[in-house]
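One structure below.
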2 protein chains.
Amino acid sequence: MRGMLAAGAMALAVMGCATKAVESAAPETGAWRSMGDVLAQSPASDWRALDPENTLYLELTRGRVIIELAPAFAPLHAANIKALAREGYFDGAAVVRVQDNYVAQWARPEESRRQIRAGRATLPAEFDRGAARAPFRPLADPDSYADEVGFSDGFPAARGGGRIWLAHCYGMVGAGRDNGADSGGGAELYAVIGHAPRHLDRNVTLVGRIVQGVELLSALPRGTGDLGFYVSAAERTPIRTMRVAADVPEAERVELETLRTDSASFRALVESRRFRREEWFASPTGRINLCNVPLPVRARNG
Amino acid sequence: MRGMLAAGAMALAVMGCATKAVESAAPETGAWRSMGDVLAQSPASDWRALDPENTLYLELTRGRVIIELAPAFAPLHAANIKALAREGYFDGAAVVRVQDNYVAQWARPEESRRQIRAGRATLPAEFDRGAARAPFRPLADPDSYADEVGFSDGFPAARGGGRIWLAHCYGMVGAGRDNGADSGGGAELYAVIGHAPRHLDRNVTLVGRIVQGVELLSALPRGTGDLGFYVSAAERTPIRTMRVAADVPEAERVELETLRTDSASFRALVESRRFRREEWFASPTGRINLCNVPLPVRARNG
């Protein structure tokens, strides 16, 4: 008998399991491919390079968190966050809050305030936008929060009433705000590190998503103050700097590409995950939640 | 203007905000109460004490994780895990795997195998059970994975085809298994620490949920091996012991109670969370996902 550790290794496998034909009603029986196979067989044209001008490097002592901005959804916030990054506003900022199953948040702590120069402190809310010209790959399965969900150019999104908006899935990044809808702007940012708080959708401006390094935020100690704020400055994780990738010397960049959500490979990936046919699965659900769909990112030429 | 840190503090408030009347169509306009008010006003009879005989203390160096077992759903596994705990099987076990946005898993590492005496190494799967006699408080909102979801005696659950099963929400605890459906048993356990992997529902036996201390697992460093396994023994978090609360001297116990999910207060809590009317919210969604419904736990007489 295999040891229990090996048993565990198989128990919750995400990738890499042997595949097996399973007799169950499903649209693609026989045609099923594992996610690993889908990705391995995807043509280069199904991938899109991240634009260095819309990529942020959040530099922590322990490593780099890479964020892809979503200027199509939050043009004002994306531009402002880049302006703030370029004026060095985040140099010496810190992760000031980590609330379990919710968010990690970074900002300049109270005692190290600094004047904003080229950027702006607040901006009009960008909670949603017109849906007419936005790309959208709908997901067939029901959603608890919206009548229609899917993917828009690599981001999880929801649609309704002629509007489209980003969804608060794991790893999404937003701009904290005060009670006024227009009181945010990007000087204070948060990342989702728990079960998707979708009740925040259309209530706060999402600006992008973490494409690499989310564990540098999600594994931080939780703050013990109200809402997960750290009670002492010593508990905070210092931020060395946050930079626009385009401003970083090429030798220090990480060139990444993401699977296009309008591609045939992505469609196959969604089906692969709706019907899990790896040998381990006893009964594939045939459904998937928006925030459980992987959005693959890999090194270019990697 | 309030400082940005204060702004942040309000930005994603979960509890404690001032309430405000909001004009929007909703079943309980005018009658809305904050979750804090619902809990403060709940009668003692709306709470249920945790049974020490079905409560586990997972003792880590940094603190105690408290788990409520679900013998109504997994009677064989609950009994076996208690038998294993009572024979000291988990003394010297370790958290061997932490996979970001997925699970933390604990077991006896390969090199410290030990014979199981009173307990059993494997058990028949307990993926679901007959729904006829199970309590169930349905949730009105749609779910991505099941036609009907709700709560059964304090646990998130789903129902269909005359069967009922526990749902893989954040903090739920399950018994890892090998490829065979009956290859688990409880000697290797995992806790969900990410967006609910509901595709595991009915594929692996859930045995209970963490009611206190989940952050002791969710904030652990992620493993860098396949599936989040640690690559070296030094990275593992040692487990001092796992005990049944009833076996622990009363002075060392934590007496907890949980809000009954069949109570009027819980019904009010669900409505409070479906329509968030705290001042911060620009547009309450009027919906909620099964795994976003809080399941309050508090100290008895606390």
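Using a Förster distance of 35 Å, how high is the FRET efficiency between A:A234 and A:S45, based on the Cβ-Cβ distance and rounded to 0.05?
E(calc), rounded to 0.05, equals 0.10.
Quick one: 3J(HN,Hα) in Hz for the range B:101-111, Karplus 6.51/-1.76/1.60 with θ = phi - 60°, rounded, Gly and Pro as x.
Going residue by residue, I get 6, 8, 9, 10, 9, 10, 6, 7, x, 2, 7 Hz, with x marking Gly and Pro.
Starting from a label point 7 Å past Cα on the Cβ side, list the distances from A:G161 to the same position in the other copies, nm, shortest first.
3.8
Neighbour counts of other C-beta atoms within 10 Å: give me A:T224, B:T241, A:T285 arranged from fewest to most.
Ascending number of Cβ neighbours within 10 Å: A:T224, B:T241, A:T285.
Going by alpha carbons, how many degrees (0 to 90, nearest 10) lie between the helix axis of A:264-274 and the longest principal axis of chain A?
80 degrees
What nm value, rounded to one decimal, do you get for the distance between A:A31 and A:R86 when each label is placed 7 Å out toward the C-beta?
Each label point is offset 7 Å from its Cα along the Cβ direction, giving 4.7 nm.
Work out Dmax and Rg for the range A:205-302 from the C-alpha atoms and quote the Rg first, both in angstrom.
For the range A:205-302, the Cα radius of gyration and maximum Cα-Cα distance read 18.9, 50 Å.
When chain B is treated as a GNM, springs tying every alpha-carbon pair under 10 Å, which of B:A121, B:A245, B:A282 comes out with the largest mean-square fluctuation?
Per the Cα network of chain B with a 10 Å cutoff, B:A282 tops the list.
Between rounded, prolate and oblate, where does the range A:51-254 land on the alpha carbon gyration tensor, with a ≥ b ≥ c its root eigenvalues, rounded for a/c under 1.5, else prolate if a/b exceeds b/c?
Prolate.
Just to confirm the numbers: B:S112, label point 7 angstrom along the Cα-Cβ line, distances to the other copies in nm, shortest first?
3.9
In the range A:47-135, what trypsin sites (Lys or Arg not before Pro) fall in a loop by DSSP, with at most 15 other Cβ atoms inside 10 Å?
Hits after loop and neighbour filter: A:R62, A:R113, A:R114, A:R117, A:R120, A:R133.
Pull out a ≥ b ≥ c, the square roots of the eigenvalues of the alpha-carbon gyration tensor of the range A:137-177, then state rounded if a/c is under 1.5, prolate if not and a/b is larger than b/c, and oblate in the remaining case.
prolate
If you place +1 on the Cβ of every Lys and Arg and -1 on the Cβ of every Asp and Glu, how big does the dipole about the Cα centre of the range A:63-159 come out, in debye to the nearest 20? If you can, show how the numbers build up before the last one.
Values: 13 positive and 13 negative charges, 122 e Å.
Approximately 580 debye in magnitude.
What are the semi-axes of the equivalent ellipsoid for the range A:29-159, taken as the square roots of 5 times the Cα gyration tensor eigenvalues, largest first, in whole Å?
Sorted largest first and rounded, they come to 33, 20, 17 Å.
Could you tell me which of B:S283, B:G208, B:F266 has its Cα farthest along the dipole of the range B:178-292 towards the positive end, charges placed at Cβ (Lys, Arg +1; Asp, Glu -1), taken about the Cα centre?
B:S283
Run through the other copies and list how far each one's label point is from that of A:G130, in nm with one decimal, shortest first; the point sits 7 Å from Cα along Cα-Cβ.
A:G130 label point versus its equivalents elsewhere: 6.0 nm.
Using a Förster distance of 22 angstrom, determine the FRET efficiency expected from the C-beta separation of B:A132 and B:D262, and round it to 0.05.
0.85
Would you kindly derive the ³J(HN,Hα) couplings of the range B:245-256 from the backbone phi angles with the Karplus curve 6.51 cos²θ - 1.76 cosθ + 1.60 (θ = phi - 60°), listing them in order in whole Hz, with x for Gly and Pro?
4, 4, 8, 8, x, 3, 5, 9, 7, 10, 7, 10
Taking all pairs of distinct Cα atoms, average 1/r, flip it, and tell me the Kirkwood hydrodynamic radius of the protein assembly as shown in Å to one decimal place. Present the calculation step by step, with values, prior to reporting the outcome.
Details: mean 1/r = 0.0402 Å⁻¹.
For the protein assembly as shown, the Kirkwood estimate is 24.9 Å.
Per DSSP helix of 4 or more residues, -39500 (n - 2.57); summed, then divided by the residues of chain A. What does that give at 222 nm, rounded to the nearest 500?
My calculation for chain A gives -3500 deg cm²/dmol from helical runs alone.
FYI, it's all coordinate maths here, none of it is from the lab. Everything numeric in this text was worked out from a predicted model, so none of it was measured. Counting neighbours? That spans all protein chains shown, and the Cβs are built from the backbone with ideal geometry, glycine included.
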